[in-house]
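Reading through the structure tokens given below for one structure.
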Amino acid sequence: METNYWRKCGSCKKEIGFNTIYQACSVSSCRKMVFCSVDCWDLHNPVMNHKSSWAEERRSPRKGEEVFEEGRRVRMISSAKPMVESNHEILIIASKLKQYIKDKYDMNTSASVMDVLSRNVRDLTDLAVEKAKVEGRKTVMDRDFE
């Protein structure tokens with residue numbers, strides 16, 4: 001039996017048509033679920049207890065077209081959480097830093113370290129960008145951090 005829609009929303013079960021924009025969860029284990037809107041994605045987020053996730057905007061395939069699951073990443077803010085400014089995002093890969101400290105010094109790392117390091121990286125980057133601008137470049141280079 002042929003349907004006139006591509007799939008159904010994972011939350012409200014509304015039909016998502018062919019060649020229509022939909023939302024997908026950024027968490028790899030949820031990739032099979034699709035949502036008709038960010039609000040529907042937002043309903044599943046607390047249930048699945050994702051620590052860090054966002055809705056990815058995608059377009060469903062045209063009727064008869066092969067499905068390609070890679071979509072472009074669009075940052076969507078969950079309405080259940082306050083809006084996070086980019087100045088407060090973590091820029092450090094926590095697992096890599098923690099592993100480095102554990103391997104080299106046999107010490108543990110507090111989660112608050114990532115905030116401080118990210119702030120320091122932002123400050124150093126701001127100075128490097130200014131240095132590149134003063135030199136008339138639009139490319140930040142390693143020498144700008146010296």
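The values are calculated or read from the model by the stated rules, or taken from the named source; none is laboratory data. Given the structure is predicted, the values throughout are model-derived calculations rather than measurements. Note that each Cβ is placed from the backbone with ideal geometry, even for glycine, and that neighbours are counted across all protein chains shown. Areas reflect the complete protein model, heavy atoms only, side chains present, ligands, DNA and RNA absent. Shrake-Rupley method; radii C 1.70, N 1.55, O 1.52, S 1.80 Å.
General remarks:
- Of all residues making up region 15-65, the number that are over 13 Å from the mean Cα position of the chain (by Cα) and either aliphatic (A, V, I, L, M) or open to solvent by 30 Å² or more (accessible area, probe 1.4 Å) (or both): 25
- Residue 10 meets each of the listed conditions (1) at pLDDT 85 or above; (2) of a type in the set (Gly, Ala, Ser); (3) over 30 Å from residue 88 (Cβ atoms) apart from (3).
- Residue within region 65-75 that is touching an Asp or Glu at 6+ places or on another chain (Cβ under 6 Å), charged (D, E, K, R) and at pLDDT below 75 present: yes
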